[in-house]
Every structure is written in C-alpha cells, then in structure tokens.
Amino acid sequence: MRTTIPGGWMAVVGWLVVAVGVLGAEPGKGVRIDADYPSGNIVVQRIDGDTAFVAPDQRDTQKGQWWFYWSFRLRGTAGQSANVVFTGKNPIGVRGPAMSEDSGVTWRWLGASAVKSAQIDGKPTWSFAAVVPKDAVDVRYAFCPPYNQSHLQAFLEGHQQSSSPRVEELCRSRKGRAVELIRAGQLDTAKAQGIVLLTSRHHCCETMATYAMEGFLAAVLADDELGRRWRERWQVIAIPFIDKDGVEDGDQGKYRDPHDHNRDYNEKPIYPETAALMKLGVGIKGRVAAMLDLHCPHIRGEWNDRVYIVGAEPPAVWEGQLAFARTLERVQTGPLVFRAKDCLAFGTAWNTAANTTAGRSAAQWGREAFPEARLITTIEIAYADALGKEVNAESARALGRDLARAVAEQLAK
Ligand SMILES: [Zn+2]
C-alpha cells in the first residue's frame, strides 16, 4: 500500500516510511529521489528548487544512536540533476558517495572532491551533485557499494562448475526470507579435516565484509592449488547475511533496537538467524577449526581506516589471532595491505568489556561453542579506504582471497 501525501514527496509503504522526492518546478516532470528497491535507504526531508535535503533513514536504530548508511535512486532524463544535501552529522565516507549506473550491480566511488561542505541556516552540511547519466533513466548513490541477495545470486550463478558451492537454508528470517547457508570446499563432512565458519552482516549495512567473503569463497572454489587444497581438507560453512531482512530492506542494523544481531548470542536469542546458528553450532561442535566474523568499522578516523583484527580477551585466543595476523601479513598479495601490528588488543580503544554489555557477540559465542578451534576472530574491513588503498568490490574480494590463503596456511601448521 502506498499513500502519497499532498505536496508530492512523502510516501508510506506498509510499516516502512520511505521518502520520495520530486524536484523541479513542474510536478511530475522533475527528477525523482526514492529508495524503493532492495538495500535502498533515504529520508527526503524537504525539497527546495533543485536541492534535496536528505538523511539516512534510522528507522531500526536505537534512540540516541546514529548510523550512516543510505542508498537512493535518482530518476529522470539523461543530464537532469539534483543537489543532494545532508545536514548535521556527515554520512558521506572518505572517498565520497558510491555511484552505480547499472541499477546497483557495479559501483564506483565519486571521490572526496565531489563533496562540498557549507553552513546552511547555521548548520553544517555536506552535498554533492547527483546527475542522471547519458543514455540512462536512473542512477544510484549510496554510502558504500551495497551487497544484497541479487549480488550473491550473481556470484553463485557464476560458479556452476564441478566444484560448485551447495546452497542450503539456515532458517527463515522474521519476514519469511530464506537465509542462505553456503557450503564449499570438502563437502563430505566425514572426509573434511574440519569446518571453517564464515559470517557477515551481523550489522546489515557492512557490505564490504560480504564482498570479502565472496572473494574467500571464490578462492575455495577456484581451479588452482589453493582451491584444491581447500576442497581436499576443509569444509566452509558461510552465512553471508546474518541479518537478511536488514540487508534487503536497507536498514542500518548497527545498534538495531533493542539490540543488534551481534549482541544476540544469549541464552534466549531474539533473532531467528542467531538462534539457528547457535543450534547449528551444537551440531558441529568439535569440528570447527576456525571462525571468521567479517565486519566493517565506523565511518572515518583511526581504526576505521584499515583492515584489522579485533583482539579477544582470553590470552590463548589472542595468541591465535596474532599468529594468524603474522601469516596473513606474510601470504597476502591483494591491494589492501594488512599489517600484523593492526590487531586491536582487548582493553584498547572501543574494544572493552563495556562494548558487549548489551549481549554476547558472535565471536564471544564462537569461543565458547568451539573450544578446539585454532582461530576465532572478528575482522574489520574499512568501507572505502585502507591505509591509502581504495576499498571496492574487487579489492575487498582480493582481501577475501588473502584471508582464504592465510587460513589454509594457519590450519596446516
Ligand atoms: Zn559490525
């Protein structure tokens, strides 16, 4: 159901509030801004001539928290444009907005120089020019390149060869969506030396983590020495979208009310995905050799500008993380350079006990559920820039391949 409020720019779709902006003097002939597609997220606050004042939609976020994910579509005729303005906190990353001219399949960063800052009505603003490209009827802009079910589908369709991954269903989401569980590597569990568990999107906006996971899976499926080693020895169980509804609906996911998926590994989990994963964990207890939970950090600044490992409190787990970090530094070949010193020790910066008072994280659960595992870690992957190197779909995938090589090396020791 959709109700258009007179004035033309606010629509209500079911329980979602989706803002739709129409810019231009003549109603119906101007460009339109909306987020009515998988992973879309925008609130159009007001329209002033060819300027749209917009904000990230925080609909799922705890009160008092702010997060920065947004993704909108601009529709019109080729060459039509809008001045898009964010007010207050800056939700544009360090390489500017991401842009897609093919309806969200591929993305590129516009660059920091595309963003202008100014004071409007006494408030700080950040803006950029959104333009419908030549020979097109729409263009998408987003905080970061989205990765949702359609991207996973395309990846799986591209890997239909003999070593193809096996797609199962972890569970159904609250909204009835299938939550994919992908097995790859040694699919005969009895023959596998162990299981390597991969997860991403405990925070649904953290898209670059899933591009990295895709690269990891591609390495496991590849027709080369590393791929064959994986398929001989280890079974990968990957859950790309722990918060499946958030991924498809375009939520923030971080600080989801009342707590987010990465604080849900408690006695009584409230999300079906975490409950299902915990149940799965009981069945594979003793078989899990490694667990990597992939995330993206905050928007900018120290520890948000690199790939890093989040240090665990127990000394034995921390030792395993440091050993893995040294291996990853040694074997990596991709453009995103990981440094072994980029391990955030427990008790440092945000990584303290106070961070998980809202509930147990996936990594904390993994340490208890899989005491024999050689490596249990959270890995943070910067959204746009890692120590001066551009983070994009391709470089994140290359990082994933590096992670696959490092895990294989580590487990062989
Ligand atoms: Zn996260």
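Quick grid of which residues meet (1) of a type in the set (Asp, Glu); (2) more than 26 Å from ILE299 (Cβ to Cβ); (3) not in a loop (DSSP other than H, G, I, E, B):
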| site | (1), (2), (3) |
| --- | --- |
| PHE346 | no, no, no |
| ALA354 | no, no, yes |
| GLN364 | no, no, yes |
| ARG367 | no, yes, yes |
| ILE379 | no, no, yes |
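Kindly indicate whether ALA362 is among the small types (Gly, Ala, Ser) and either within 25 Å of PRO91 (Cβ to Cβ) or surrounded by fewer than 19 Cβ atoms within 10 Å (Cβ to Cβ) (or both). No: the conditions fail for ALA362.
Per-residue answers, yes or no, for (1) in contact (Cβ under 8 Å) with a residue 60 or more places away in the chain; (2) away from the ligand (no atom under 16 Å from the Cβ):
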residue: ARG177; (1), (2): yes, yes
residue: ILE182; (1), (2): no, yes
residue: GLN186; (1), (2): no, yes
residue: LEU197; (1), (2): yes, yes
residue: CYS205; (1), (2): yes, no
residue: GLY215; (1), (2): yes, yes
residue: ALA222; (1), (2): no, yes
residue: LEU226; (1), (2): yes, yes
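Here VAL247 meets each of (1) in contact with a strand residue (DSSP E or B) (Cβ under 6 Å, 6 or more places away or on another chain); (2) within 16 Å of the ligand (Cβ to nearest atom); (3) not acidic (Asp, Glu) with one exception, condition (1).
Residue-by-condition table, conditions (1) touching a Leu at 6+ places or on another chain (Cβ under 7 Å); (2) in a helix (DSSP H, G or I); (3) of a type in the set (S, T, N, Q); (4) at pLDDT below 95:
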site: GLN153; (1), (2), (3), (4): no, yes, yes, no
site: GLY176; (1), (2), (3), (4): no, no, no, no
site: LEU181; (1), (2), (3), (4): yes, no, no, no
site: ILE195; (1), (2), (3), (4): no, no, no, no
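For the range 105-155, a residue qualifies if it is among the charged types (D, E, K, R), surrounded by fewer than 20 Cβ atoms within 10 Å (Cβ to Cβ), touching a residue at least 24 places away in the same chain (Cβ under 8 Å) and on the phi < 0 side of the Ramachandran plot, and the qualifying residues are ARG108, LYS123, LYS134, ASP138. For the range 64-96, a residue qualifies if it is assigned to a loop (DSSP other than H, G, I, E, B) and among the small types (Gly, Ala, Ser), and the qualifying residues are GLY64, GLY76, ALA78, GLY79, GLY88, GLY93, GLY96.
Of these, GLY347, GLY283, GLY334, GLY311, which one is of a type outside the set (A, V, I, L, M, F, W, C), away from the ligand (no atom under 16 Å from the Cβ) and either touching a Leu at 6+ places or on another chain (Cβ under 8 Å) or not assigned by TED's automatic domain parsing to the domain that holds LYS389 (or both)?
Working: GLY347 fails: either touching a Leu at 6+ places or on another chain (Cβ under 8 Å) or not assigned by TED's automatic domain parsing to the domain that holds LYS389 (or both); GLY283 fails: either touching a Leu at 6+ places or on another chain (Cβ under 8 Å) or not assigned by TED's automatic domain parsing to the domain that holds LYS389 (or both); GLY311 fails: away from the ligand (no atom under 16 Å from the Cβ).
Every option except GLY334 fails the conditions.
The values are calculated or read from the model by the stated rules, or taken from the named source; none is laboratory data. None of the values given here were measured: they were computed from a predicted structure. Glycine gets a Cβ as well: all are built from the backbone with ideal geometry, and neighbour counts include every protein chain shown.
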